[in-house]
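Novice: I am attaching a structure below and will ask some questions about it afterwards.
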Amino acid sequence: MAVFARRGELSFDRALAAAELAESLMAGAEFAVGSGPVLELARDSGGSAYDCEFVALARQERIPLVTTDRRLLAAFPKEALSPERFAG
């Protein structure tokens with residue numbers, strides 16, 4: 001939403017309304033991930049903490065991380081799957 005608002009493709013009010021709607025639709029379906037595993041993954045892989053949160057969550061929930069991010073696919077071949085590999 002921030003990018004669309006910054007580019008002028010959405011007004012601030014519309015971007016905020018869309019973000020608030022998305023938050024309300026996801027309420028109660030959030031997952032918590034500990035900082036320790038995230039920081040360990042970031043340290044060991046060189047990836048961003050943001051990206052490593054998704055890897056940590058996939059490990060925690062014992063589910064694959066479906067992504068097109070080449071760095072994640074290379075750094076975490078056990079957890080990260082391309083959409084093609086996941087579907088195949």
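Novice: Only residues in segment 1-19 that are open to solvent by 100 Å² or more (accessible area, probe 1.4 Å) count as the first member; pair them with residues that are not in a helix (DSSP H, G or I), Cβ under 9 angstrom, at least 6 apart or cross-chain, and list the lot.
Specialist: Qualifying pairs under 9 Å: 14/1.
Novice: Hey, another quick one. Residue 28: at pLDDT below 95, surrounded by 11 or more Cβ atoms within 10 Å (Cβ to Cβ) and not in a helix (DSSP H, G or I), yes or no? Can you show your working first?
Specialist: Values: at pLDDT below 95: yes; surrounded by 11 or more Cβ atoms within 10 Å (Cβ to Cβ): no; not in a helix (DSSP H, G or I): yes.
Spelling it out, it is not the case that residue 28 is at pLDDT below 95, surrounded by 11 or more Cβ atoms within 10 Å (Cβ to Cβ) and not in a helix (DSSP H, G or I).
Novice: Would you point out which residue out of 33, 55 is assigned to a loop (DSSP other than H, G, I, E, B), among the β-branched types (Val, Ile, Thr) and open to solvent by less than 60 Å² (accessible area, probe 1.4 Å)?
Specialist: After ruling out the rest, the residue left standing is 33.
Novice: Report yes if some residue within segment 60-73 is of a type in the set (D, E, K, R), free of Cβ contacts under 8 Å to residues at least 60 places away in the same chain and surrounded by 14 or more Cβ atoms within 10 Å (Cβ to Cβ); otherwise report no. Walk me through how you get there before you give the answer.
Specialist: The first filter runs over segment 60-73 and keeps only residues of a type in the set (D, E, K, R), leaving 61-62, 69-71.
Keeping just the survivors that are free of Cβ contacts under 8 Å to residues at least 60 places away in the same chain gives 61-62, 69-71.
Subsequent filtering for residues that are surrounded by 14 or more Cβ atoms within 10 Å (Cβ to Cβ) retains 69, 71.
Within segment 60-73 (the criterion being of a type in the set (D, E, K, R), free of Cβ contacts under 8 Å to residues at least 60 places away in the same chain and surrounded by 14 or more Cβ atoms within 10 Å (Cβ to Cβ)), the answer is yes, since at least one residue qualifies.
The values are calculated or read from the model by the stated rules, or taken from the named source; none is laboratory data. Worth saying up front: this structure is predicted, and the values here are computed from it rather than measured. Here Cβ is always computed from backbone atoms with ideal geometry, including for glycine, and neighbour counts include all displayed protein chains. Only protein heavy atoms, including side chains, enter the accessible area calculation; ligands, DNA and RNA are left aside. Shrake-Rupley method; radii C 1.70, N 1.55, O 1.52, S 1.80 Å.
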